[in-house]
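**Q** Next up is a structure, given as structure tokens.
Computed from the coordinates by the stated procedures, all read-outs in this text should not be read as laboratory data. This one's a predicted model, so the numbers in the text were calculated from it and none came from an experiment. Positions of Cβ are generated from backbone atoms using ideal geometry, with glycine treated the same way; all protein chains shown enter the neighbour counts.
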There are 2 protein chains.
Amino acid sequence: MQKCIKCNSVDGVIRSGFLRGKQRFFCKLCNFHFILENENAKLPQKANQATIVDLAKHLGIAASTVSRALNGKADISPFTRQAVMQAAIDLDYRPNLLAQSLNKGKTNTIGVVIPNVELPFFATALASMQQVAIDTGYRIMVCHSSESQSVEKLNIETLIACRVDGLLVSHSKETTSFEHIEHVLAKSIPIVHFDRVCNEIDTPKVIHEDFKGSFDLVEHLIVQGCQKIGVMLGPEKFYISQIRLEGYKAALQKYGIEVDEKYIYYSEMNKNDGSKAFEYFINMQQPPDGVFAMLSRNAIEMMVEAKKRQVKIPEEMAFVGFGDDILCELFEPSLTVFNHFPNKVGEAAINLLIENINSKNTPNTTTQSVRGELIVRASSINIFVKH
Amino acid sequence: MQKCIKCNSVDGVIRSGFLRGKQRFFCKLCNFHFILENENAKLPQKANQATIVDLAKHLGIAASTVSRALNGKADISPFTRQAVMQAAIDLDYRPNLLAQSLNKGKTNTIGVVIPNVELPFFATALASMQQVAIDTGYRIMVCHSSESQSVEKLNIETLIACRVDGLLVSHSKETTSFEHIEHVLAKSIPIVHFDRVCNEIDTPKVIHEDFKGSFDLVEHLIVQGCQKIGVMLGPEKFYISQIRLEGYKAALQKYGIEVDEKYIYYSEMNKNDGSKAFEYFINMQQPPDGVFAMLSRNAIEMMVEAKKRQVKIPEEMAFVGFGDDILCELFEPSLTVFNHFPNKVGEAAINLLIENINSKNTPNTTTQSVRGELIVRASSINIFVKH
DNA sequence: ACGCTTATCACAAACGTTTCTGATAGTTGG
DNA sequence: CCAACTATCAGAAACGTTTGTGATAAGCGT
């Protein structure tokens, strides 16, 4: 039979059911239940991270005393405090943030959900968030939705499971339902939307001047002499698409230009949608003489295509885009853009979130708008030459 | 005096020293110590997150039973399991990863330290790491050193405090001492270096073909007819600088070209160092007819400057850079680069780390090199036209 | 019928902190 | 000298899990 792992006797050992799928034994002699561990299982593994208890044992005092000494509380004699500090150095003690967070019910961690770090906007926004976080004693946990609604949902689940103190969310392009956000609100976990916000729920938001930026860009095209202005957007259901379209329409309206649906091109914001859009526009009976792209990246893709086909920029077709970028500046011709200052958006968002975390009772649900700036470049000026 | 907060009597209350800096009282009647809380302190705050204990109470069973049911362990009757599952849904239970990690001694989180997400290389590498992490059940916690050694050190401290299961580190440009890494090793926390590795310590590393890439680029320039080749590097102490310089030298040597120190330009990798480098090269008595930049971004900055001064590219001066980028492709002239596949580097690094986490006894300290690829573009071809 | 066996569950300890409560020795003042 | 008071510390509880150990009712075979 089986030897008892406690008294080593063999005679008294009988089977005793199963525990978690493994055969269990019972030793009648020493009255002990046990299961056989596969011996390679786990060595004592004595984590070589010193704990508060280790310090306490080392000094022969109570763990609570060590804790208070380390945290600079009052009830500690200078002598004891000094000894604790020294021991902490000697044993290379590092506090376990997990235990600390579990105990305090606060993690000092902020969860960020973005569609894709590879988009310069998000990279920059993220970097500025990180900076603010460090300065204010927070940590940041980033998740990429990879532009997928289901992954986004999963990300938020994970961050909640990690008990982040708050969430900074920018939606994926395919996110159209927002139960997962309602859910966060129901648990009264502070959340701030930024950039790709959700208009259906009343959350604090930080956006850029989507309307004004689009308006300014299109107005600029009109002033430069463009009369048939195309617009390339993201998905039709996408909130940002809608707002930026409104800015486009408003500008046309101001100058008495009728809105023609044919000049509105929706895309899925994939890699080469710019070329497709250009293809569409150039094959129209009356191709536009100016194009506003919701993403400056798309404007550049279109310009690449235009150059391939010897379409003169800006004389035959001018381009403007939303969002600045080193590429916009260095591409030839350089692209006229509305700079929406990703760093400021990032800062504003995390500051608003931290404010809401600290004053939990009165969640500030204002929508902040970061002021942008029109940057006029070669892709849209001196058009008048053609006339 | 003070009313006792327990028995409400006033008579028996006397002072009793200080606790954490606040006056303490003692009630002789009910034998109770207390301090006065500022009433706005903390409402019960009953976190509205259901716990396992809540489920257990709700069902009238033991918490351990709930735990086993949720985790699909064996010792649970189908009926109980079903009830627990339903209760979990009803009460919207979410496991507390903090408690779970604390208990298991494993966080399933990987810490990543990078100098700057705004560099496309790191953004891409990070994105691919995230993907692998999700697929393998890990989470990622990212920290930016912002190219500062002290911040990098702090980052690693933080990640250790969070008890990440392992570290992925790419050093800041100013990191020259590596005690903080020794320290990580001393605690036998798995670590993998990538890209900007540290050659002084024996850690697992994932690099790209720094030597071969540089060699190929410079050889390409030579084959195209360049004879005086400048090289723009990062800081002199920077490991990557050294390796890439070696590749440069080896290529020159192969073709019998003498290495001239004057053609080696070190930079601090700041924003506009490319212009400065160009300034330096163009003002030499014998300006180079080809320049290899350690960062393609720098090559482009140089080309911008070259274009401003009407220097013909590539006829008068050819350019090549290390690392591909959409900018390299779309800039005019497009830049010849050695593509080092940031996504593959990211994947390889995290895979190696996870492997090391799982087999803790035998840390795999091999250095993996991700195969790169020379991409020849306009900035360096057809030079022969000039001869 | 009785011992072996199973299925199922409760209970307690543990993870590493923080904080509340209890306790002691010393100090002060009338 | 004694009550009131202070300074300082120990011990226990709590945070939310997981897992080892103890326990009970029921099934099975001889």
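**Q** Quick check on the exposure proxy: order A:217, B:55, A:36 from fewest to most C-beta atoms within 10 angstrom.
**A** A:36, B:55, A:217
**Q** Which one, A:235, A:204, A:78, has the greatest fluctuation when you compute a Gaussian network model over chain A with C-alpha springs under 10 angstrom?
**A** Comparing A:235, A:204, A:78 in the GNM, the peak value goes to A:78.
**Q** Considering chain B as a Gaussian network with a 10 Å cut-off on Cα pairs, which listed residue, B:12, B:213, B:230, attains the greatest mean-square fluctuation?
**A** Judging by the Gaussian network model, the answer is B:12.
**Q** From the C-alpha gyration tensor of the protein assembly as shown, pull out the three semi-axes of the equivalent ellipsoid (sqrt of 5λ each), sorted largest to smallest, in whole Å.
**A** Taking √(5λ) for each eigenvalue gives 55, 36, 27 Å, largest first.
**Q** Per DSSP H run of at least 4 residues, take -39500 (n - 2.57); add these up for chain B, divide by its residues and hand me the 222 nm value, nearest 500 deg cm²/dmol.
**A** Rounded to the nearest 500, it is -12000 deg cm²/dmol.
**Q** Shortest first and in nm to one decimal, what separations exist between residue B:246 and its copies in the other chains, measuring from label points 7 Å along the Cα-to-beta-carbon line?
**A** 6.0
**Q** For chain A, find the longest principal axis of its Cα atoms and tell me its angle to the long axis of helix A:120-135, 0 to 90°, nearest 10.
**A** Roughly 40 degrees between the two axes.
**Q** Further question: Angle between the Cα long axis of helix A:210-223 and the longest principal axis of chain A, 0 to 90 degrees, nearest 10?
**A** With both axes taken from Cα atoms, the answer is about 20 degrees.
**Q** For chain A, set up a Gaussian network in which alpha carbons nearer than 10 Å are linked by springs, and say which option among A:99, A:306, A:88 fluctuates the most.
**A** A:88
**Q** What span do the alpha-carbon atoms of the range B:272-353 cover on each of the three principal axes, reported in whole Å from largest to smallest?
**A** In descending order, the Cα extents are 49, 23, 20 Å.
**Q** Which ³J(HN,Hα) values in Hz, rounded to whole numbers, follow from the phi angles of the range A:367-379 under the Karplus curve 6.51 cos²θ - 1.76 cosθ + 1.60, where θ = phi - 60° and Gly and Pro get x?
**A** Residue by residue, the range A:367-379 yields 9, 9, 10, 7, 5, x, 7, 7, 10, 8, 9, 5, 5 Hz.
**Q** Follow-up question, since we're still on this one. Using modelled backbone amide H atoms (1.01 Å from N, in-plane), which distant-in-sequence or interchain residues come within less than 5 Å of residue A:377's amide H?
**A** Distant-sequence amide H within range of residue A:377: A:336, A:337.
**Q** Can you list the residues, at least 5 places off or on another chain, whose amide H is less than 5 Å from the amide H of residue B:318, using H built in the peptide plane?
**A** B:290, B:291
**Q** In chain A, which Cys residues have no partner Cys with a Cβ closer than 4.7 Å?
**A** A:143, A:162, A:198, A:226, A:328
**Q** As an exercise, identify the trypsin sites (Lys or Arg not before Pro) in the range B:310-387 lying in DSSP coil whose Cβ has no more than 13 other Cβ atoms within 10 Å.
**A** The qualifying sites are B:312, B:360, B:371.
**Q** Sticking with this one: Using the structure shown, select from A:104/A:173; A:276/B:173; A:307/B:308; B:308/B:344; B:249/B:271 the pairs with a Cα to Cα distance greater than 30 angstrom.
**A** Too far apart for the 30 Å limit: A:104/A:173; A:276/B:173; B:308/B:344.
**Q** If the label for residue B:326 sits 7 angstrom from Cα along the Cα-to-Cβ line, what are its distances to the same label in every other copy, in nm to one decimal, shortest first?
**A** With the label placed 7 Å along Cα→Cβ, residue B:326 yields 1.4 nm.
**Q** Taking residue B:268 in one copy and the same position in all the others, each labelled 7 Å out along Cα→Cβ, what are the pairwise distances from the first, in nm, shortest first?
**A** 4.7
**Q** Computed over the Cα atoms, what is the radius of gyration of the range B:210-339 divided by 2.2 N^0.38 Å, N being its residue count?
**A** Numbers: Rg = 12.9 Å, N = 130, 2.2 N^0.38 = 14.0 Å.
The reported ratio for this selection is 0.92.
**Q** Roughly what % of DSSP beta bridges within the protein assembly as shown run antiparallel, to the nearest 5?
**A** Of those bridges, close to 25 percent are antiparallel.
**Q** Largest first and to the nearest Å, give the Cα extent of chain B along each principal axis.
**A** So the three principal-axis extents are 104, 58, 38 Å.
**Q** Residue-wise, which Karplus ³J(HN,Hα) couplings in Hz belong to the range B:63-71, taking 6.51 cos²θ - 1.76 cosθ + 1.60, θ = phi - 60°, and x for glycine or proline?
**A** Whole-Hz 3J(HN,Hα) from phi for the range B:63-71: 4, 4, 4, 4, 4, 5, 4, 5, 8.
**Q** Aspartates and glutamates within cross-link reach of residue B:3: Cα-Cα under 20 Å, excluding same-chain residues under 8 positions apart?
**A** B:11, B:37, B:39
**Q** Explain nothing, just compute: Karplus ³J(HN,Hα) = 6.51 cos²θ - 1.76 cosθ + 1.60, θ = phi - 60°, for every residue of the range A:136-153 in order, whole Hz, x for Gly and Pro.
**A** Working through the residues one at a time gives 9, x, 9, 10, 10, 10, 9, 10, 9, 7, 6, 6, 10, 5, 5, 5, 4, 4 Hz.
**Q** Compute the FRET efficiency between residue A:176 and residue B:99 as 1/(1 + (r/R0)^6), taking r as their Cβ-Cβ distance and R0 = 60 Å, and round to the nearest 0.05.
**A** It comes out at approximately 0.95.
**Q** Taking amide H atoms as placed 1.01 Å from N in the peptide plane, list the residues 5 or more away in sequence, or in a different chain, whose amide H sits under 5 Å from that of residue B:206.
**A** Under 5 Å from the amide H of residue B:206: B:193, B:194, B:195, B:368.
**Q** Among A:322, A:32, B:25, what is the fewest-to-most ranking by other Cβ atoms within 10 Å? Walk me through the numbers before you get to the answer.
**A** Details: A:322 26, A:32 15, B:25 21.
If I rank by nearby Cβ atoms, fewest first, I get A:32, B:25, A:322.
**Q** Separate question: Looking only at chain B, where both bridge partners belong to it, what percent of the DSSP beta bridges are antiparallel (to the nearest 5)? Before the final figure, lay out the partial values.
**A** Working: 12 of 45 bridges.
In chain B, approximately 25 percent of DSSP beta bridges are antiparallel ones.
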